[in-house]
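The values are calculated or read from the model by the stated rules, or taken from the named source; none is laboratory data. Bear in mind the structure is a predicted one, so any value in this text is a computation, not a measurement. Positions of Cβ are generated from backbone atoms using ideal geometry, with glycine treated the same way; all protein chains shown enter the neighbour counts.
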Amino acid sequence: MAFLEISHLQKSFGTNKVVQDFNLTIKKGEFVSFLGPSGCGKTTVLRMVAGFEIPTSGIISIDGQDVVNLKPNQRNIGMVFQAYALFPNMTVAQNVAFGLRVSKKPKTEIDATVAEMLDLIRLGHLGDRYPYQLSGGQQQRVALARALATKPQVLLLDEPLSALDAKIRVSLRQEIRAIQQKLGITTIFVTHDQEEALSISDRIVVVSEGRAEQIGSPFDIYNRPASRFVASFVGTLNVLEGKVDDAEAGVVDLDGNRITLAQPLSGYKKGEMLALALRPEAVTIGRQNGHDTAVEGTINDVHFLGSVIRTRVSLGKNNISLDMFNDPSSPPPGRGEKVKIGFAAKDLLVLGE
Ligand code: ATP
């Protein structure tokens with residue numbers, strides 16, 4: 001059952017069509033991330049859900065109610081922004097109480113909710129501090145508590161972690177996910193960081209040029225990217241250029257290697273170029289166990305990262321990145337070394353444009 005429904009949503013600023021026919025349904029309690037490059041329109045969609053931006057056309061409904069004509073404060077939505085946006089002249093407790101004061105809740109209820117929220121973000125002992133006396137991560141937890149205090153039916157998070165340093169970012173994203181699951185609150189999280197989106201979402205919407213390019217679980221988005229854009233944006237996948245050699249038999253030419261794919265290339269013609277995706281973890285050096293395809297290449301980059309060694313092998317025009325596990329008994333191959341790499345043809349995915 002759809003709890004939040006976005007249907008044929010469009011937004012133009014002058015002649016600039018920033019959001020184009022954006023469609024999405026979100027179930028109650030789901031955590032959905034909008035993932036896409038800067039300027040693709042993800043914040044604009046979020047701002048339309050919040051009511052800060054009016055759609056050019058389309059429908060946004062929450063729990064069956066069309067909210068497009070409602071003001072932000074009538075939508076029962078909590079929002080956290082990239083910049084902490086706490087009131088600097090209010091204490092932590094006063095910041096968290098703000099929305100409840102505006103809606104004129106009784107003092108006993110406000111006090112109880114503030115205590116509950118500070119407990120939730122593990123800052124019960126810092127209620128009397130001012131924002132400037134907190135770290136960035138603590139300020140963002142207070143912003144989250146403030147957004148949740150009014151018990152909103154939807155939580156919107158607009159790049160809430162991007163101003164924090166890497167270590168805090170990882171711990172706070174886990175905390176956000178844990179709180180979201182505990183409360184069962186329907187959440188949209190905007191990010192341009194694929195690792196962030198993959199690690200905490202129930203589903204990811206990959207946004208490109210104002211459209212939902214692909215919607216799926218992190219597992220699906222990573223393993224079955226629907227287009228070249230998704231494959232290159234969602235991180236570490238190898239995107240390779242091949243040439244169709246025999247469409248019916250599913251044979252492609254990859255830098256002079258004839259490779260038979262797991263399925264025929266219906267709709268393609270001999271000589272046509274096509275893009276293929278290959279996950280780094282599906283490729284090995286030297287070992288051919290369980291692999292039906294082996295090609296020769298030259299190592300052109302080696303990064304020792306500790307437990308894994310990220311290696312790039314050139315086949316010609318194409319480069320394939322792969323991760324080798326560290327083996328203390330044998331040093332990794334060096335640059336310029338010729339190697340044989342293996343993978344299973346079924347792991348080569350044909351990408352649409
Ligand atoms: P970022 O990650 O950089 O925030 P985004 O995907 O969230 O990017 P948006 O902020 O939604 O992108 O912006 C999408 C496009 O809309 C951009 O080209 C931006 O310049 C334009 N835009 C956003 N708000 C306005 C506005 N109020 N007036 C005119 N153009 C705008």
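Do any strands (runs of 3 or more DSSP E) entirely within the range 274-353 hold 1 or more residues that are more than 21 Å from Asn257 (Cα to Cα), and if so, which?
On the way: elements: 293-304, 308-314, 319-325, 338-343, 349-351.
The qualifying strands (runs of 3 or more DSSP E) are 293-304, 308-314, 319-325.
Checking the condition surrounded by 15 or more Cβ atoms within 10 Å (Cβ to Cβ) and in the same structural domain as Asp21 (by TED's automatic domain parsing), which residue from Gln94, Gln74, Gln65 passes? Write out each step before concluding.
Details: Gln74 fails: surrounded by 15 or more Cβ atoms within 10 Å (Cβ to Cβ); Gln65 fails: surrounded by 15 or more Cβ atoms within 10 Å (Cβ to Cβ).
It is Gln94.
Please give the number of the condition Asn69 fails out of (1) closer than 21 Å to Ser33 by Cβ; (2) assigned to a loop (DSSP other than H, G, I, E, B); (3) among the polar types (S, T, N, Q).
If we test Asn69 against (1) closer than 21 Å to Ser33 by Cβ; (2) assigned to a loop (DSSP other than H, G, I, E, B); (3) among the polar types (S, T, N, Q), just (1) comes out false.
Assess whether Lys107 counts as being of a type in the set (Lys, Arg), more than 16 Å from the ligand (Cβ to nearest atom) and over 26 Å from the mean Cα position of the chain (by Cα). Please lay out each step first, then the result.
Values: of a type in the set (Lys, Arg): yes; more than 16 Å from the ligand (Cβ to nearest atom): yes; over 26 Å from the mean Cα position of the chain (by Cα): yes.
Yes: the conditions hold for Lys107.
Which condition breaks for Asp253 when tested against (1) buried (at least 18 other Cβ atoms within 10 Å of the Cβ); (2) within 25 Å of Val313 (Cα to Cα); (3) free of Cβ contacts under 8 Å to residues at least 24 places away in the same chain?
The single condition Asp253 does not satisfy is (1).
Only one residue in Leu161, Leu70 is within 30 Å of Ser7 (Cβ to Cβ), within 16 Å of the ligand (Cβ to nearest atom) and without any contact (Cβ under 8 Å) to a residue 40 or more places away in the chain. Which one? Steps first, please.
Numbers: Leu70 fails: within 16 Å of the ligand (Cβ to nearest atom).
Unique residue meeting the criteria: Leu161.
With (1) under 21 Å from Asn223 (Cα atoms); (2) among the aliphatic types (A, V, I, L, M); (3) touching a residue at least 24 places away in the same chain (Cβ under 8 Å) as the list, and Val302 as the residue in question, which single condition is left unmet?
In the conditions (1) under 21 Å from Asn223 (Cα atoms); (2) among the aliphatic types (A, V, I, L, M); (3) touching a residue at least 24 places away in the same chain (Cβ under 8 Å), Val302 misses (1) alone.
Is it fair to say Thr15 is surrounded by fewer than 16 Cβ atoms within 10 Å (Cβ to Cβ) and at pLDDT 95 or above? I'd like the intermediate steps shown before the answer.
On the way: surrounded by fewer than 16 Cβ atoms within 10 Å (Cβ to Cβ): yes; at pLDDT 95 or above: no.
Considered against the rule, which asks whether it is surrounded by fewer than 16 Cβ atoms within 10 Å (Cβ to Cβ) and at pLDDT 95 or above, Thr15 comes out as no.
Collect the residues in the range 53-62 that are more than 16 Å from the ligand (Cβ to nearest atom) and buried (at least 20 other Cβ atoms within 10 Å of the Cβ), keeping them in residue-number order.
Residues of the range 53-62 more than 16 Å from the ligand (Cβ to nearest atom): 57, 59, 61-62.
The one that is more than 16 Å from the ligand (Cβ to nearest atom) and buried (at least 20 other Cβ atoms within 10 Å of the Cβ): Ile62.
Name the residue that is surrounded by the fewest Cβ atoms within 10 Å (Cβ to Cβ), counting only residues in the range 189-218 that are away from the ligand (no atom under 12 Å from the Cβ) and β-branched (Val, Ile, Thr).
Across the range 189-218, the extreme among qualifying residues is Ile215.
Name every residue in the range 305-353 that is touching a His at 6+ places or on another chain (Cβ under 9 Å), within 30 Å of Ala249 (Cα to Cα) and either without any contact (Cβ under 8 Å) to a residue 40 or more places away in the chain or among the basic types (Lys, Arg) (or both), in order of residue number.
Matches in the range 305-353: Arg312 only.
Which ones in the range 1-52 are part of a loop (DSSP other than H, G, I, E, B) and more than 8 Å from the ligand (Cβ to nearest atom)? Show your work before the answer.
Within the range 1-52, the first condition is being part of a loop (DSSP other than H, G, I, E, B), and the residues that meet it are 1, 14-15, 28-30, 36-41, 51-52.
Answer for the range 1-52, where residues must be part of a loop (DSSP other than H, G, I, E, B) and more than 8 Å from the ligand (Cβ to nearest atom): Met1, Thr15, Lys28, Gly29, Glu30, Gly51, Phe52.
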